[in-house]
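Engineer: Mind looking over this structure? Questions follow.
The values are calculated or read from the model by the stated rules, or taken from the named source; none is laboratory data. Computed from a predicted model, the values in this text were never measured in an experiment. Because the Cβ atoms are built from the backbone with ideal geometry, glycine has one as well, and the counts that use them run over all protein chains shown. To get the accessible areas, we keep the full protein, side chains included, count just its heavy atoms, and leave off ligands, DNA and RNA. Shrake-Rupley method; radii C 1.70, N 1.55, O 1.52, S 1.80 Å.
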Amino acid sequence: MSETVNLDMLVVTGPTASGKTGKAVGLARAFDGEIISADSRQVYRGMDIGSGKDIEEYGEVPYHLIDIAEPGEVYNLYRFLKDARHACDGIKKRNRLPIVCGGTGLYVESLLRGVDLPEVPANLKLRESLKGKSLDELTDILASMKTMHNTTDADTAARAIRAIEIQQFYIDNPELAAPAMNPQPVTNAIIIATDIDRDSRRRRISQRLHKRLDEGMVDEVKKLIDNGVDTQQLINYGLEYKFLTLYITGVISYDRMKTDLETAIHQFAKRQMTWFRGMERRGFHINWLRYDMPDDEFSEAVSAIIKQQT
């Protein structure tokens with residue numbers, strides 16, 4: 001029998017390969033919840049193996065914000081916040097618990113912080129003026145426009161240009177940007193994070209990468225390209241889709257792809273941990289629980305945390 005929990009939101013986050021999805025599914029069963037994915041790439045149809053959807057783990061548990069966009073589309077923070085809040089409202093109307101699960105720190109923190117973004121249109125003139133600039137040059141421009149709390153906005157030239165575009169919109173339209181500058185945080189929320197040591201995390205990342213390659217990750221990306229998805233957009237999605245596209249298009253060898261991708265995923269996990277530690281410094285209380293706890297013990301520990309903190 002599921003336990004009734006009086007929360008606006010339960011968040012399950014943590015670095016890649018730390019078993020978040022399985023833990024979130026267990027909590028959904030324990031607390032009569034539905035899962036809202038907070039993963040920037042699982043929104044895309046056909047990007048299954050590379051994004052680690054692991055749909056089979058959900059079983060009968062309802063999930064949201066997976067397979068809601070076409071590959072090649074640009075899905076951003078504005079769309080995520082709009083979709084996540086819509087899903088959350090529907091879950092609450094069904095008297096169930098919204099469980100936000102994912103490792104995209106910007107999405108998780110912005111949702112908890114209550115950020116309300118205006119819809120920022122493309123500024124083609126600005127984009128043209130920034131075309132050809134290096135990532136370092138774009139990062140410097142962005143840093144001159146806002147305080148850089150993280151490096152997510154400048155992971156790629158495309159992201160940096162979009163971030164500059166957004167900041168310019170805020171400068172030109174201060175009245176529309178006001179809600180984004182004055183967020184209304186979610187107050188009745190609890191954050192759980194899967195705690196995994198560095199060696200275990202590195203081992204699981206390597207094992208998972210080899211497993212995904214064996215499961216046909218290369219063919220998945222080939223199919224996306226054959227179906228007309230722009231290769232540059234796939235590269236912009238980063239990690240698996242970046243390096244597999246570079247391999248498929250003949251830019252790098254298979255062995256180089258494997259080595260560089262594995263290194264990139266390890267670096268990504270490190271950046272995720274930096275983000276979560278930054279969240280704690282910015283005032284968010286994160287409850288860290290061992291990634292390898294049995295699901296029933298994990299649920300019991302979360303239940304105790306909820307009773308203590310509500």
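Engineer: Out of everything in the range 124-138 that is surrounded by 11 or more Cβ atoms within 10 Å (Cβ to Cβ) and closer than 14 Å to GLN168 by Cα, what residue ends up being nearest to the chain's Cα centre (by Cα)?
Structural biologist: The extreme case among them is LEU138.
Engineer: Determine whether the range 296-305 contains at least one residue that is under 19 Å from LEU112 (Cβ atoms) and in contact with a helix residue (DSSP H, G or I) (Cβ under 9 Å, 6 or more places away or on another chain).
Structural biologist: Residues of the range 296-305 under 19 Å from LEU112 (Cβ atoms): 302, 305.
Filter once more, keeping what is in contact with a helix residue (DSSP H, G or I) (Cβ under 9 Å, 6 or more places away or on another chain): 302.
Yes, there is a match, as at least one residue in the range 296-305 is under 19 Å from LEU112 (Cβ atoms) and in contact with a helix residue (DSSP H, G or I) (Cβ under 9 Å, 6 or more places away or on another chain).
Engineer: Here's a follow-up. Within the range 149-170, work out how many residues are part of a loop (DSSP other than H, G, I, E, B) and either surrounded by 14 or more Cβ atoms within 10 Å (Cβ to Cβ) or modelled with pLDDT of 90 or more (or both). I'd like the intermediate steps shown before the answer.
Structural biologist: To start, the set of residues in the range 149-170 that are part of a loop (DSSP other than H, G, I, E, B) comprises 149-151, 155-156.
Adding the requirement that they be either surrounded by 14 or more Cβ atoms within 10 Å (Cβ to Cβ) or modelled with pLDDT of 90 or more (or both) leaves 150, 155-156.
So the answer is 3.
Engineer: Restricting the first residue to the range 21-33 and requiring it to be part of a helix (DSSP H, G or I) and charged (D, E, K, R), which pairs with a second residue that is at pLDDT 95 or above and buried (at least 23 other Cβ atoms within 10 Å of the Cβ) meet a Cβ separation below 8 Å and a spacing of at least six or different chains?
Structural biologist: Within 8 Å, the pairs are LYS23/VAL12; LYS23/ILE192; LYS23/THR194; LYS23/PHE298.
Engineer: From ASP230, ASP226, ASP255, ASP214, which residue is in contact (Cβ under 8 Å) with a residue 24 or more places away in the chain and surrounded by fewer than 16 Cβ atoms within 10 Å (Cβ to Cβ)?
Structural biologist: Numbers: ASP226 fails: in contact (Cβ under 8 Å) with a residue 24 or more places away in the chain; ASP255 fails: in contact (Cβ under 8 Å) with a residue 24 or more places away in the chain; ASP214 fails: in contact (Cβ under 8 Å) with a residue 24 or more places away in the chain.
Just a single option satisfies the conditions, and that option is ASP230.
Engineer: Another one. When you scan the range 1-20, how many residues do you find that are of a type outside the set (A, V, I, L, M, F, W, C) and outside any loop (DSSP other than H, G, I, E, B)? Spell out the reasoning first.
Structural biologist: Going through the range 1-20, the residues of a type outside the set (A, V, I, L, M, F, W, C) turn out to be 2-4, 6, 8, 13-16, 18-20.
Keeping just the survivors that are outside any loop (DSSP other than H, G, I, E, B) gives 13, 20.
Summing the residues that are of a type outside the set (A, V, I, L, M, F, W, C) and outside any loop (DSSP other than H, G, I, E, B) in the range 1-20 gives 2.
Engineer: Give the range 189-221 a look and list any residue that's β-branched (Val, Ile, Thr) and under 19 Å from ASP260 (Cα atoms), or say none. Can you show your working first?
Structural biologist: Residues of the range 189-221 that are β-branched (Val, Ile, Thr), as a first pass: 190-192, 194, 196, 205, 218, 221.
Hits for the range 189-221 are ILE205, VAL218, VAL221.
Engineer: Would you pick out the residues in the range 260-310 that are basic (Lys, Arg) and outside any helix (DSSP H, G or I)?
Structural biologist: At the first step, the residues of the range 260-310 found to be basic (Lys, Arg) are 270-271, 277, 281-282, 290, 307.
Result: ARG282, ARG290.
Engineer: Restricting the search to the range 34-73, which residues are in a loop (DSSP other than H, G, I, E, B), open to solvent by less than 10 Å² (accessible area, probe 1.4 Å) and under 18 Å from ASP89 (Cβ atoms)?
Structural biologist: Once the filter is applied, which keeps residues that are in a loop (DSSP other than H, G, I, E, B), open to solvent by less than 10 Å² (accessible area, probe 1.4 Å) and under 18 Å from ASP89 (Cβ atoms), the range 34-73 yields only ALA38.
Engineer: Tally time: how many residues in the range 1-33 are modelled with pLDDT of 95 or more, surrounded by fewer than 22 Cβ atoms within 10 Å (Cβ to Cβ) and among the polar types (S, T, N, Q)?
Structural biologist: 1
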